[in-house]
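Engineer: The structure that follows is given in the form of structure tokens.
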Amino acid sequence: MNELISPADQLTAKAFSRLLAEQGLSIAPEDQAAALTAAQHLRAQAEQVCAAWRAMEADDDPSV
Amino acid sequence: MTHPCDLSIAEVGLALRRGALSAVELAQAHLDRIEHRNERLHAFIDLDPDDVLQQARAADVRLAAGDCDDLPLLGIPVALKDILDVAGRTTTCGSHAQAGHNATVDATVVQRIYESGVVFLGKVATYEFALTGPAFDQPNPPPRNPWNTGHITGGSSSGSAAAVAGGLVRCALGTDTGGSVRSPAAYCGIVGLKPTYERLSRQGVFPLSDSLDHVGPLAACVADAAYCFDAFSEPADAPPAAQWLGQGLAGLRLGYGRDWFAADAAVDPQAIVAIDAAVSQLSLLEARVETVELPDYDLFEAVGTIILQAEALAVHQTGLSTRPEHYGRAALRNLITGAALTPEHLSAARAMQQRLSADMDAILNRVDALITLTTLTPAPAFAAFTEGKPVWTPMRTFPFNLTGHPALTIPIGFSSGLPLGMQIIGKRNDEARICQIGHAFEQSTDHSVQKPVF
């Protein structure tokens, strides 16, 4: 997963393009570029939800 | 004398039973209204007047035979968002990608509609695949807000809202995945009911996100919404939504979720004034209103967005991979963002959804209903959408798609001549309670009486 994230922890245009290709989607470059900011925001939201969920699980785990 | 299209469902039902009005006369009145107003509103996109009048004639036969005791909606016109399958009609979903997709079987909720004796008036517009809009590269132009046609209706049940607010029909079914019944209803000054998850069948409704999609009525008043919900819903161990219409609110406990919007930089100050006044009115009606602390709104929105985008991309993966050029640009660009997600993201979001639902259940166990804003602003102008970039339209609807609780929006006033809405959220399968509260408020104010001028 880390290779998909830029040093600024952001989904790069290149990585987004590769993810689309991996899903069998051949999307015009201008559409990819237009969607990139929203995709980066979504990815950041997803990472935050994962972190929040891990924190809740740790809080719930009596062994931690 | 009130125009037949402006009579409530209860009033027009009485007129039909007494023979003061025939179903054919009522249907023709609606067809005439559509003829005169739809060119401005762009609400109806599929209308077959001959079929409408044929259904109305059949309803008149049943009315004359007295075959109407358990059919309160017999002969009353209803419209459908064009993502619900009606056999023999194209389900366009507002997309060129659906060209030629003719439905062969009625959606289950459409079967319920026919069983209730309703006259299916026609199909109304939707944002493309119930996703995003307004857009100008769909098969039909985006509907216009009847209060100011320079402003959007909101969506995705855009045609449903424009049709009801414009007086073309008393009730139109829409779908709500993140607020697509409630936000256009609020923007257009009408009532919108997102029921408990799966109370209206999704079978035969084109999916956006299976775990979040809800079918619900947009209606001219709370009672109309309640009667339609009761006629079209799946059975449940719960009182009918219309059960407590007309009953007072004395002793009911209402939790006011003010912290979800009051400090938000995006909120219209007039919206705060309007909902504070509405809450005061509920207190005057002897409800016991207390401020409640709700779970982090941003977390709801993040979890909902992850699930929606992941599921929507799965629905459209084949279409996007084989004919992307058939999609509108805004819809395509929205859908492909889902590729940024991993299975781990979706798994965490689903787990969090369960946690948030349980948290909301716990809050709703302490009160009879929750109150908050529906949208934080009135409807934006079309001019804001001209650059083709997404425009942020802040609302507070998404949490209850995640949790599945029923939520009703009702008009509470205006800002710059455009309507604002209050959301009333109930316990699961407690549509009756939120309709009781909404109806009592509606009857004690004049917000729902005001109509746009044509």
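Engineer: In the list B:Ile371, B:Ile336, which residue meets the criterion of being at pLDDT 95 or above and either part of a helix (DSSP H, G or I) or within 10 Å of chain A (Cβ to nearest Cβ) (or both)? First the steps, then the outcome.
Structural biologist: Values: B:Ile371 fails: either part of a helix (DSSP H, G or I) or within 10 Å of chain A (Cβ to nearest Cβ) (or both).
None of the others qualify; the one that does is B:Ile336.
Engineer: Looking at (1) part of a loop (DSSP other than H, G, I, E, B); (2) surrounded by 24 or more Cβ atoms within 10 Å (Cβ to Cβ), can you tell me which one B:Leu193 breaks?
Structural biologist: Only one criterion is unmet by B:Leu193, namely (1).
Engineer: For segment B:244-268, enumerate the residues that are outside any loop (DSSP other than H, G, I, E, B), in contact with a Lys or Arg (Cβ under 9 Å, 6 or more places away or on another chain) and open to solvent by less than 60 Å² (accessible area, probe 1.4 Å). First the steps, then the outcome.
Structural biologist: Of segment B:244-268, the ones outside any loop (DSSP other than H, G, I, E, B) are B:253-256, B:258-260.
Right, trim to in contact with a Lys or Arg (Cβ under 9 Å, 6 or more places away or on another chain) and you get B:253-255, B:260.
The answer is B:Leu254, B:Gly255, B:Trp260.
Engineer: Anything in segment B:8-52 that is crowded, with 16+ Cβ neighbours inside 10 Å, in contact (Cβ under 8 Å) with a residue 24 or more places away in the chain and assigned to a loop (DSSP other than H, G, I, E, B)? List them, or say none.
Structural biologist: B:Ser8, B:Ser22, B:His42, B:Ala43, B:Leu47
Engineer: Evaluate the following for B:Ser211: is it within 23 Å of B:Val169 (Cβ to Cβ), of a type in the set (S, T, N, Q), modelled with pLDDT of 95 or more and outside any helix (DSSP H, G or I)? Can you show your working first?
Structural biologist: Details: within 23 Å of B:Val169 (Cβ to Cβ): no; of a type in the set (S, T, N, Q): yes; modelled with pLDDT of 95 or more: yes; outside any helix (DSSP H, G or I): yes.
Answer is no for this residue.
Engineer: (1) open to solvent by 50 Å² or more (accessible area, probe 1.4 Å); (2) in a helix (DSSP H, G or I): which one isn't true of B:Arg366, the others all being true?
Structural biologist: Result: B:Arg366 passes all but (2).
Engineer: Out of all the residues in segment B:282-303, is one or more assigned to a helix (DSSP H, G or I) and closer than 30 Å to B:Ala99 by Cβ?
Structural biologist: Let us first name the residues in segment B:282-303 that are assigned to a helix (DSSP H, G or I), namely B:282-284, B:297-303.
Then keep just the ones that are closer than 30 Å to B:Ala99 by Cβ; that gives none.
So far as segment B:282-303 goes, no, none of its residues is assigned to a helix (DSSP H, G or I) and closer than 30 Å to B:Ala99 by Cβ.
Engineer: Could you look through segment A:13-64, keep only residues that are β-branched (Val, Ile, Thr) and open to solvent by 50 Å² or more (accessible area, probe 1.4 Å), and pick out the one that is farthest from the other protein chains (Cβ to nearest Cβ)? Don't jump to the end; show me each part of the working.
Structural biologist: Of all residues in segment A:13-64, those β-branched (Val, Ile, Thr) come to A:27, A:37, A:49, A:64.
Subsequent filtering for residues that are open to solvent by 50 Å² or more (accessible area, probe 1.4 Å) retains A:37, A:64.
Numbers: A:Thr37: 9, A:Val64: 17 Å.
Among them, the one singled out is A:Val64.
Engineer: Right, here's the next one. Pull out all pairs, ordered by first then second residue, where Cβ-Cβ is under 8 Å, the residues are six or more apart or on different chains, the first lies in segment B:341-368 and is at the interface with chain A (Cβ under 7 Å from one of its Cβ atoms), and the second is surrounded by 19 or more Cβ atoms within 10 Å (Cβ to Cβ) and polar (S, T, N, Q).
Structural biologist: From residues that are at the interface with chain A (Cβ under 7 Å from one of its Cβ atoms), the pairs are B:Leu341/B:Gln309.
Engineer: Considering only segment B:320-333, state which residues are open to solvent by less than 30 Å² (accessible area, probe 1.4 Å) and either more than 9 Å from every other protein chain (Cβ to nearest Cβ) or free of Cβ contacts under 8 Å to residues at least 12 places away in the same chain (or both). Break it down into steps so the answer makes sense when it comes.
Structural biologist: We begin by selecting, within segment B:320-333, every residue open to solvent by less than 30 Å² (accessible area, probe 1.4 Å); these are B:320, B:324, B:327-328, B:331-332.
Answer for segment B:320-333, where residues must be open to solvent by less than 30 Å² (accessible area, probe 1.4 Å) and either more than 9 Å from every other protein chain (Cβ to nearest Cβ) or free of Cβ contacts under 8 Å to residues at least 12 places away in the same chain (or both): B:Pro324, B:Tyr327, B:Gly328, B:Ala331.
Engineer: Can you pull out the residues in segment B:214-243 that are of a type outside the set (Gly, Ala, Ser), crowded, with 24+ Cβ neighbours inside 10 Å and closer than 30 Å to B:Ala314 by Cβ?
Structural biologist: Hits for segment B:214-243 are B:His214, B:Val215, B:Pro217, B:Leu218, B:Phe229, B:Phe232.
Yes or no, residue by residue, for (1) at pLDDT 95 or above; (2) open to solvent by 20 Å² or more (accessible area, probe 1.4 Å); (3) among the acidic types (Asp, Glu); (4) not in a loop (DSSP other than H, G, I, E, B):
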{"position": "B:Ser347", "(1), (2), (3), (4)": "yes, yes, no, yes"}
{"position": "B:Met352", "(1), (2), (3), (4)": "yes, no, no, yes"}
{"position": "B:Thr377", "(1), (2), (3), (4)": "yes, yes, no, no"}
{"position": "B:Phe400", "(1), (2), (3), (4)": "yes, no, no, yes"}
{"position": "B:Met422", "(1), (2), (3), (4)": "yes, no, no, yes"}
{"position": "B:Ile434", "(1), (2), (3), (4)": "yes, no, no, yes"}
{"position": "B:Glu442", "(1), (2), (3), (4)": "yes, no, yes, yes"}
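Engineer: Right, another one. If you take the residues of segment B:296-313 that are of a type outside the set (A, V, I, L, M, F, W, C) and away from chain A (no Cβ under 11 Å), which of them is nearest to B:Leu376 (Cα to Cα)?
Structural biologist: Here is the first cut: in segment B:296-313, the ones of a type outside the set (A, V, I, L, M, F, W, C) are B:296-298, B:301, B:304-305, B:309, B:311.
Still in the running and away from chain A (no Cβ under 11 Å): B:297, B:311.
Values: B:Tyr297: 13, B:Glu311: 27 Å.
Among them, the one singled out is B:Tyr297.
Engineer: Right, another one. For segment B:392-412, does any single residue satisfy the condition of being within 12 Å of another protein chain (Cβ to nearest Cβ), farther than 24 Å from B:Gly166 by Cβ and out of contact with any Ser or Thr (no Cβ under 9 Å at 6 or more places or on another chain)?
Structural biologist: Yes, that holds for at least one residue.
The values are calculated or read from the model by the stated rules, or taken from the named source; none is laboratory data. Quick caveat: nothing in here was measured; it's all calculated off a predicted structure. Every residue, glycine among them, receives a Cβ derived from its backbone with ideal geometry; neighbour counts consider all protein chains shown. All accessible areas refer to the heavy atoms of the entire protein, side chains included, with ligands and DNA or RNA removed. Shrake-Rupley method; radii C 1.70, N 1.55, O 1.52, S 1.80 Å.
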